[in-house]
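K.L.:
One structure coming up, written as structure tokens, with questions to follow.
The values are calculated or read from the model by the stated rules, or taken from the named source; none is laboratory data. In this text the structure is predicted, and so the values were computed from the model without any measurement. Cβ: placed from backbone, ideal geometry, glycine included. Neighbour counts: every protein chain shown. Just the protein is used for accessible areas: all its heavy atoms, side chains included, with ligands, DNA and RNA removed. Shrake-Rupley method; radii C 1.70, N 1.55, O 1.52, S 1.80 Å.
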Amino acid sequence: MSRVGDVVHSDGTAGGEGENEPEVDWDQAAEQELWPARSGPRFVDVALKLPLKRLFTYALPEGACVQVGSRVRVPFRGKEMGGVVFALREDSGDVPPQKVREIVKVLDEGGDGGGVVLPKSLLELSERMAHDYGCSIGEALDAMLPAAAKARGKKLIPHLDLGVPHEIAHEAVEKLEDQGHGERARVLRAVLEFGGPMPTLQAKRQTGTSDSPWKTLCKHGTLKRIDIPEDAEPLVPDLSEAARDVQLNDAQENALDAIGGAVDRKEHEVFLLHGVTGSGKTEVYLQVLQRARALGRSAIVLVPEISLTPQTVGRFASRFEDVAVLHSGLTDAERAKQWRRILEGEAKVVIGARSALFAPVRDLGVIVIDEEHETSFKQDSTPRYHAREMAIHRAQIENSVVVLGSATPTLESYGRAKRGVYKMIELPERAGAGTQPKVLLEDLKAIAKDETIFGVPVTRTLRNMIQERLQAKDQVILFLNRRGYSPVLYCPTCGDSVQCEHCDVSMTWHDRKARLVCHSCCHEIRRPEMCPSCEAPGLRELGAGTERVEQAIRMVFPDAIVARMDADTMSKRGAHEQVLQSFRRGHIDILIGTQMIAKGLDFPDVTLVGVISADVGLFVPDFRAAERTFQLLYQVAGRAGRGDKPGTVVIQTSCPDNYAVTAAANIDYRSFVAQELQNRRLTGYPPYARVLRILFESKNEREAKRAGEALVGELQGLEDARPQGPAPAVMARVKDRYRFHVLVKAFTQEAFDQLMERLRDVEDRSTRSLRVLLDVDPVSLM
């Protein structure tokens, strides 16, 4: 029996670790339902949000009621922590019962519907997540609960609002910056721009800050904290995005027959719905869900971008009355309200981003993952799970169907379908009257000086086509996957750029904010009058972001109504819905944006898509760079010509001969896959190997590097595995911490399993000065 602080660890229970996994009889736990304390001691095993990969045993207080899946508060090292009951025990193991501490409170008692008791399928899924991604069961369960459900059982959600008039708040931002309180200034500006009470968690996440800045602002009266009841903000789907009744074509009918048949049989199967953009994948999803709902079963639909959610929700809400929505754009109050609707069985169709996968629906019939290739389905913090893989595991547990939809599937999914692991279904043509757009490549190396406006390249071809579309009252989308005004502010005298003092990256100039911003750590400074390196005056902008594109387009087309969608303009609550509704109703002529407008959206009046620069991200030192570039270009091209009118796409590029660019221009997925697979085979990257990335971070560069070297030494000699590094990460310093990473490629499943056994506890090497992170199957090496 081992001890951690004053908490007793149950013997033989180690979360998600092979033979030491806690053995839970889920059927018995389900039959048992509620366990009231009777005479004599009773005990529970609790999963805590700690990197310690084990469960902790506590005594159940006299008279308390508890279920497997209930949330509790327990003492741990002199403080209280929230946890989830994972198992019920008759005894305390090898430790005398009197030495086991009691839980402080059962947050979900009585099974009366007021609690957040997780269903057994999610508890079982947490075991799998812990096993596959090297986290603890407690960390896995924490990712499944919404913030409101973790807040000590409270139903009041903390928000921040202005404590002073707007004019004074704007002045306070300037004053705080002058005084060197940059974090407070960022928080105050975020609340100003949000346009209403802003959830504290969202304010911290958006500004990259802790609790301290907002608490100080509240103490001084500049901000005030408001606790809003979770039921105070009802969420009403916008039915203006209603799905039209359509007649399925032959390919769609075949897809529905195959997927719907598996739903009817209640068999677990995974389908890859590979359809070109505009081929009617959403209509197939809708009719598959109708089959599931007719059987009384529930459904989950995952979308990658918050910008897709209003359109998707509108389409599904027009067909189903019991739709719930879960995504990061909701306030905590809204999210808690939706979660409880699902938990209490009021909503049977759940739509949302990655975390919606863990919605506590009962009798799950189908999971749809739209745009399955999107990297946003991979969590970038512990637990670093991939929603696609966890969706398949959940479907296995609940004997349900998974539909992976994409026009540009990942090479891993496409390979599994070709090998028969998934069932491939093709939708080779656009549905209805839509036709594939005509695509033109424009070489930026050959443009004239007058084709650059305010530093933004707009070729004559693209400019003339925009003018034609405006005259015809059609709509235009302009795409550039880089926000801000200019990504680099450089000195023409010495050639240096303004770097973030905390990270090894150039700061991006944001003209509207009049600030240089680090997109890694959120640090902001005012524009220096002189070069920080040589003190020469006259710093200049180099390159363009969406803000600069907007300025150039407004200059060339002053009569056009122009809107911009990126992380800077969408910070205000409800901004996504407002812009997309306006665009759909024809109130916007030209929509400029980053990747949030590049996929999934369906606007029949868009007849021209212009890609300002196809090369952004193409030459990043990451093995997925070409794949991401191809997917983005292919997807954004698919926004044109989706209605009755033909569409045109103009792709501006400095690399017109690059295979990813030419394949996207030819709307040719298979030619890209053939070339990319050759490259992956030569370099030993997925799908020919599985990759584990171990990242070492420290303020001491030598410490981080030595930790990486020690690990590589331990991994030498493994059969069918190749450790590489340590090498500086692409972003070698972030927030004053040096970063080295080790990549390990496993070429067989046996080698991968051996590596996971060795690396499962690698994060335990973290110390006060060194942070060690394990990322299984990384989607980015940044």
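K.L.:
Accessible area of region 470-601 with a 1.4 Å probe: how many percent of it is carbon plus sulfur?
P.N.:
Of the solvent-accessible surface of region 470-601, carbon and sulfur hold 45 percent.
K.L.:
Sorting check: for 523-529, 383-389, 250-256, which peptide has the highest mean count of neighbouring beta carbons within 10 Å, and how do the rest follow?
P.N.:
So the peptides 523-529, 383-389, 250-256, ranked by packing, come out 383-389, 250-256, 523-529.
K.L.:
So in the chain, which Cys have no other cysteine's beta-carbon sitting under 4.7 angstrom from theirs?
P.N.:
When partners are defined as cysteine Cβ atoms under 4.7 Å apart, the chain leaves CYS65, CYS135, CYS218, CYS521, CYS522, CYS655 without one.
K.L.:
Carbon-plus-sulfur fraction of the accessible area of region 620-778, 1.4 Å probe, in percent?
P.N.:
46 percent
K.L.:
What number comes out for the charge environment of HIS170, summing +1 per Lys or Arg and -1 per Asp or Glu over other residues with Cβ under 13 Å away?
P.N.:
Once positives and negatives cancel, what remains is -2.
K.L.:
Here's another thing I want to ask about it. What accessible area per residue, rounded to a whole number of Å², is obtained for region 445-530 using a probe radius of 1.4 Å?
P.N.:
Solvent-accessible surface per residue comes out at 47 Å².
K.L.:
Still on this structure, please answer the following. Let a ≥ b ≥ c be the square roots of the eigenvalues of the Cα gyration tensor of region 407-509; is it rounded (a/c under 1.5), or, if not, prolate (a/b larger than b/c) or oblate?
P.N.:
Judged from the Cα gyration tensor, region 407-509 comes out oblate (a/c at least 1.5, b/c at or above a/b).
K.L.:
Taking only the alpha-carbon positions of region 678-739 and ignoring solvent, what does the Debye formula give for the base-10 log of I(q)/I(0) at q = 0.18, 0.20, 0.23, 0.30 Å⁻¹?
P.N.:
Treating every Cα as an identical point scatterer, log10 I(q)/I(0) equals -0.74, -0.84, -0.96, -1.21.
K.L.:
Turning to a different aspect of this structure: Which shape class applies to region 668-707: rounded if a/c is under 1.5, otherwise prolate when a/b exceeds b/c and oblate if not, where a ≥ b ≥ c are the square roots of the Cα gyration tensor eigenvalues?
P.N.:
Because a/c hits 1.5 or more and a/b exceeds b/c, region 668-707 counts as prolate.
K.L.:
Could you work out the relative contact order of the chain? I mean the mean sequence separation of Cα pairs under 8 Å and 6+ apart, divided by the number of residues, in percent.
P.N.:
Relative CO of the chain lands at 10 percent.
K.L.:
Which far-off residues, 5 or more places away or on another chain, put their amide H under 5 Å from the one on MET81, with H placed in the peptide plane?
P.N.:
Placed amide hydrogens put VAL74, PHE76 under 5 Å from MET81.
K.L.:
Let me ask something additional. Which value in nm describes the separation of the simple spin-label points at TYR688 and LYS735, placed 7 Å from the Cα toward the beta carbon?
P.N.:
With each label point 7 Å from Cα toward Cβ, the separation is 3.7 nm.
K.L.:
Now, a different point. Which FRET efficiency value, to the nearest 0.05, is calculated for ILE525 and CYS494 with the Förster distance at 22 angstrom and r the Cβ-Cβ distance?
P.N.:
0.70
K.L.:
Take each of the peptides 493-505, 541-553, average the number of other beta-carbon atoms within 10 Å over its residues, and list them starting from the highest.
P.N.:
541-553, 493-505
K.L.:
Using the Cα centre of the chain as origin and beta-carbon charges of +1 (Lys, Arg) and -1 (Asp, Glu), tell me which of PRO492, PHE86, PHE630 is placed farthest towards the positive end of the dipole.
P.N.:
It is PRO492.
K.L.:
Tell me, what is the FRET efficiency for THR748 and ASP380 to the nearest 0.05, using R0 = 35 angstrom and their Cβ-Cβ distance as r?
P.N.:
Computed FRET efficiency for THR748 and ASP380 comes out at 0.80.
K.L.:
Just going by the charge dipole of the chain, with Lys and Arg at +1 and Asp and Glu at -1 on Cβ, which of ALA324, ILE228, ILE397 is farthest out on the positive end?
P.N.:
ILE228
K.L.:
May I ask you to give the percent of accessible area on region 393-450 that is carbon plus sulfur, with a probe radius of 1.4 Å?
P.N.:
It is 51 percent, rounded to a whole number.
K.L.:
Summing -39500 (n - 2.57) over the DSSP H runs of n ≥ 4 in the chain and dividing by its residue number, what mean residue ellipticity at 222 nm do you reach, to the nearest 500 deg cm²/dmol?
P.N.:
Result for the chain: -9500 deg cm²/dmol, rounded to the nearest 500.
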